[in-house]
Amino acid sequence: RSSDLTMASSERVFNLLDLGPTVKDHPDAKNLPPIMGEVRFDNVSFGYDDHHLILQDIDLEARPGQRIALVGETGAGKSTIIRLLTRLYDIGEGSITFDGHDIREMSQASLRQQMGIVLQDTFLFTGTIEDNIRYGRLDATAEEIIATAKAVGAHEFIMKMPDGYQSEVGENG
């Protein structure tokens with residue numbers, strides 16, 4: 001019976017892999033120049049399906065150096081705004097621009113290379129603290145890993161661990 005379960009699970013995985021991405025780069029997509037920091041949502045509407053809009057007529061502007069907090073109840077659209085900003089989904093109407101560049105005209109890779117996202121849920125992979133920090137960029141040097149930890153205020157905590165950056169962690173901490 002376990003082989004039947006394995007076959008059914010494998011079939012589901014292969015069906016998912018066959019789907020491919022839903023968001024695709026425009027054939028003439030350009031590389032986004034280095035982001036200076038102006039982000040603008042102009043009359044943005046979006047729904048995960050055609051029958052129910054999650055966001056409607058959103059106008060938002062963030063200027064370089066400005067901090068913006070998205071606050072609201074579960075389901076208000078906070079995570080959806082971030083997913084749209086990173087082009088995990090494409091908007092239905094309106095535009096999202098970085099420094100005046102419409103993100104639909106830019107390659108997804110050039111957009112995402114310039115962003116860092118801190119998710120609400122934390123997850124540790126089995127390995128060292130250094131391995132977990134390096135996960136986002138496998139070619140990061142030890143100096144870059146330390147700089148990253150300092151930037152998020154984790155360096156002092158890490159240095160209190162028995163083996164510092166080489167301390168072993170796992171999925172449950």
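The values are calculated or read from the model by the stated rules, or taken from the named source; none is laboratory data. Everything numeric here is computed off the predicted structure, so don't read it as measured data. Cβ coordinates were reconstructed from backbone atoms using ideal geometry, including for glycine residues, and neighbour counts include every protein chain displayed. SASA here: full protein model, heavy atoms, side chains in, ligands and nucleic acids out. Shrake-Rupley method; radii C 1.70, N 1.55, O 1.52, S 1.80 Å.
Structural remarks
- Residue (of 159, 26, 56) at the positive-pole extreme of the chain, dipole from beta-carbon charges: 159
- Per DSSP, loop GluC sites (Glu not before Pro) in the range 50-101 with at most 13 further Cβ within 10 Å: 73
- Residue 88 contributes an accessible area of around 90 Å² to the protein surface, as traced by a 1.4 Å probe with all chains present.
- Think of a 1.4 Å ball rolled over the protein heavy atoms: the chain then has 74 Å² of accessible area per residue.
- According to the calculation over all Cα-Cα pairs in the range 82-173, the P(r) per 5 Å bin from zero is 3, 11, 18, 19, 13, 12, 10, 8, 5, 1, 0 %.
- Accessible area (Å², 1.4 Å probe, nearest 10) - residue 45: 10 Å²
- In Å², nearest 10: area of residue 171 left accessible to a 1.4 Å probe: 120 Å²
- Volume in Å³ per residue [convex hull over Cα atoms, computed for the range 41-86]: 81 Å³
- Max-minus-min Cα coordinates of the chain on each principal axis give 55, 52, 38 Å, with the largest extent listed first.
- Neighbour count of at most 13 Cβ within 10 Å plus DSSP loop: longest trypsin sites (Lys or Arg not before Pro)-free window in the chain: 68-136
- For the range 28-130, the fraction of C-alpha pairs more than 24 angstrom apart is 28%.
- For the range 119-172, averaging the sequence separation of C-alpha pairs within contact (under 8 Å, six or more residues apart) and dividing by the residue count gives a relative contact order of 56 percent.
- With at most 16 neighbouring Cβ atoms within 10 Å, loop chymotrypsin sites (Phe, Trp or Tyr not before Pro) (DSSP) excluded, longest segment of the chain: 1-47
- Accessible area, probe 1.4 Å, largest first, for residues 155, 51, 101: 51, 101, 155
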